[in-house]
1. Tally time: how many residues in segment 121-150 are buried (at least 19 other Cβ atoms within 10 Å of the Cβ) and within 24 Å of residue 63 (Cα to Cα)?
2. Filter segment 36-59 for residues that are over 18 Å from residue 150 (Cα atoms) and not in a loop (DSSP other than H, G, I, E, B); which is farthest from the chain's Cα centre (by Cα)?
3. Give the residue, chosen from 128, 93, 76, 71, that is closer than 21 Å to residue 55 by Cα and either in contact with a strand residue (DSSP E or B) (Cβ under 6 Å, 6 or more places away or on another chain) or touching a residue at least 12 places away in the same chain (Cβ under 8 Å) (or both).
4. For residue 158, are the conditions met, namely being surrounded by 14 or more Cβ atoms within 10 Å (Cβ to Cβ) and within 26 Å of residue 55 (Cβ to Cβ)?
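Derivation of every value follows stated rules applied to the coordinates shown; laboratory data play no part. Bear in mind the structure is a predicted one, so any value in this text is a computation, not a measurement. A quick note on method: Cβ atoms are made from the backbone with ideal geometry, for glycine too, and the neighbour counts reach across all protein chains shown.
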């Protein structure tokens, strides 16, 4: 009685291992876009370097939906913008963007809840901000290879925390002419 159970368990284990090891056509690969935005806040404008990372499926079937997925963004604010926040007495800053999107085919798809958590403002130099959001899904109705692009512009509504009370500010950003926007491609088969 024990031998058949062990054989079944061994077979299940072997199948389980082969399932875990075998690559899936829909397995995801991390794609990274490095680009530059021109951002403006209260008359101060500067180039902001950005790194956008997202896991994209390698391949989907026609009619499949690319499910919502996490998007990670790293922004390097130059000293000129950080000096502006320091000049206001800022100790930390946080923000949210409600109009961030990505493009696939001719469609714009929203990146929801793109948020920068409360981050200390350094005493000098540039500042690194990390934002996280969720790109909504998209259903591919045709076969082919489809590029995904970052949106050309976004607005961040920031709260600058300071000892005298919080200030709100809006920073508008658009891709610098000639900077890349392509995050990656997805292959859609029958």
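1. Qualifying residue count for the region: 5.
2. Taking the candidates together, the pick is 44.
3. Working: 128 fails: closer than 21 Å to residue 55 by Cα; 93 fails: closer than 21 Å to residue 55 by Cα; 76 fails: closer than 21 Å to residue 55 by Cα.
Selected residue: 71, the only one of 128, 93, 76, 71 that is closer than 21 Å to residue 55 by Cα and either in contact with a strand residue (DSSP E or B) (Cβ under 6 Å, 6 or more places away or on another chain) or touching a residue at least 12 places away in the same chain (Cβ under 8 Å) (or both).
4. No: the conditions fail for residue 158.
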